[in-house]
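One structure is given here, and the rest of the page talks about it.
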Amino acid sequence: MSGIRTDLTGQVAIVTGSTSGIGAAMAEALAENGAHIVLNGLGDADEIEALRAKIAAHHGVEVRYHGANMLKADEIADMVATTEKEFGRLDILMNNAGIQHVSPVEDFPVEKWDAIIAINLSSVFHGARAAIPIMKRQGKGRIVNLASAHGLVASPFKSAYVAAKHGVMGFTKTLALEVAEDGITCNAICPGYVKTPLVENQIADTARARGISEEEVVRDVMLAAQPTKQFITYEQLAGALLYLVSDAGANMNGSWISVDGGWTAK
Ligand code: NAD
């Protein structure tokens with residue numbers, strides 16, 4: 001027996017941006033392994049409640065929702081504080097919320113730049129800042145930042161996103177060094193293209209920015225970068241996440257797992 005466990009029974013996890021796409025899938029993967037979940041994100045209240053109830057019923061864990069807007073530092077801090085108040089602990093913080101905008105730099109709307117830096121980068125800082133004291137008191141914690149292949153390499157027309165995700169990588173390494181002796185790890189997951197609502201929107205936007213068809217965007221732009229020519233699946237990302245939060249991942253710190261079909265090997 002290796003003694004390696006991925007049992008998260010009794011642990012508490014916040015997943016930001018978990019009302020949709022990757023975040024919803026990662027919240028469900030953590031719940032499936034026994035963790036209580038705090039969902040977060042924007043969306044229709046009835047749909048969010050249906051998702052909350054579904055995850056709770058399927059996996060027999062407590063699932064709550066906190067509507068913190070990732071643009072607002074005080075709301076992020078309240079989400080973390082409320083989690084500790086309601087559950088008495090916080091074991092896993094997955095910073096996943098993110099948005100995208102595709103445009104040449106000279107036309108890039110200033111408010112889009114500000115929103116992407118705030119949601120994709122600064123919210124990671126605000127969440128971690130609030131979570132670290134709780135995790136230090138516990139002597140254990142896992143912070144996982146959903147970065148991107150665009151945290152490691154660039155693509156044209158995604159300046160704010162690429163800048164924010166590179167920033168997330170720098171923050172991940174810095175925080176990892178600060179908390180290394182406290183039983184806390186901080187790592188990133190860097191996916192290639194996963195077919196989520198965010199990517200669906202990007203297909204149309206990229207087609208417009210480059211003046212090509214949506215089919216050409218999928219074949220020649222998105223999956224051209226991904227040597228396997230396949231979108232990344234939620235299950236493949238869940239595998240990376242579960243490793244990082246498991247006992248086996250305890251000495252993985254300030255690092256990242258690329259799940260990009262070989263994109264960043266080029
Ligand atoms: P998505 O649009 O399906 O989900 C984004 C989530 O973030 C939603 O729950 C949304 O409500 C939430 N969100 C957005 N703005 C928010 C705000 N102001 N406050 C609170 N929540 C907010 O997108 P996704 O593809 O699942 O993306 C999730 C993460 O994965 C993002 O950080 C994205 O950059 C990253 N990522 C995605 C891909 C991909 O191919 N889809 C690849 C690499 C990295």
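How about region 216-242: which of its residues are in a helix (DSSP H, G or I) and either over 20 Å from Ser18 (Cα atoms) or over 20 Å from the mean Cα position of the chain (by Cα) (or both)?
Pass one, region 216-242, residues in a helix (DSSP H, G or I): 216-225, 234-242.
Across region 216-242, the qualifying residues are Glu216, Val217, Val218, Arg219, Asp220, Val221, Met222, Leu223, Ala224, Ala225.
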Restricting attention to region 21-30, does a residue exist that is under 24 Å from Ile99 (Cβ atoms), under 16 Å from the mean Cα position of the chain (by Cα), modelled with pLDDT of 95 or more and part of a strand (DSSP E or B)? no
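Of all residues in region 179-236, which are within 20 Å of Ala248 (Cβ to Cβ) and of a type in the set (A, V, I, L, M, F, W, C)? Before the answer, list the steps.
The initial filter retains those residues of region 179-236 that are within 20 Å of Ala248 (Cβ to Cβ), namely 179-190, 235-236.
Val179, Ala180, Ile184, Cys186, Ala188, Ile189, Cys190, listed by residue number.
So, in region 155-185, how many residues would count as being touching a Pro at 6+ places or on another chain (Cβ under 7 Å) and closer than 25 Å to Tyr243 by Cα?
Filtering region 155-185 for residues touching a Pro at 6+ places or on another chain (Cβ under 7 Å) gives 157.
Next cut, closer than 25 Å to Tyr243 by Cα only: none.
Adding up the residues that qualify gives 0.
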For region 38-77, the count of residues that are assigned to a helix (DSSP H, G or I) and surrounded by 15 or more Cβ atoms within 10 Å (Cβ to Cβ) equals 10
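Quick check on region 170-205: of everything there that is assigned to a helix (DSSP H, G or I) and within 12 Å of the ligand (Cβ to nearest atom), which residue is modelled with the lowest pLDDT? Before you say what the answer is, go through the steps one by one.
First, pick out the residues of region 170-205 that are assigned to a helix (DSSP H, G or I): 170-182, 197-205.
Among the residues that remain, those that are also within 12 Å of the ligand (Cβ to nearest atom) are: 197-203.
Values: Pro197: 77, Leu198: 71, Val199: 80, Glu200: 81, Asn201: 83, Gln202: 81, Ile203: 88.
For region 170-205, the residue satisfying everything is Leu198.
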Residue pairs qualifying under the 6 Å Cβ cut-off, at least six apart or on distinct chains, with the first in region 122-147 being in contact (Cβ under 8 Å) with a residue 40 or more places away in the chain and assigned to a helix (DSSP H, G or I) and the second being surrounded by fewer than 23 Cβ atoms within 10 Å (Cβ to Cβ) and small (Gly, Ala, Ser), are His126/Ala73; Ala130/Ala77
Would it be correct to say that Ala250 is of a type in the set (A, V, I, L, M, F, W, C), under 15 Å from the mean Cα position of the chain (by Cα) and either more than 25 Å from Glu28 (Cα to Cα) or at pLDDT 95 or above (or both)? no
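Which residue out of Gly239, Gly249 is within 30 Å of Asp182 (Cβ to Cβ) and buried (at least 18 other Cβ atoms within 10 Å of the Cβ)? I'd like the intermediate steps shown before the answer.
Working: Gly239 fails: buried (at least 18 other Cβ atoms within 10 Å of the Cβ).
Within the list Gly239, Gly249, the selection yields Gly249.
The values are calculated or read from the model by the stated rules, or taken from the named source; none is laboratory data. Owing to the predicted nature of the structure, the values given are computational and were not obtained by experimental measurement. With ideal geometry, Cβ positions are generated from the backbone for all residues, glycine too; neighbour counts draw on all protein chains shown.
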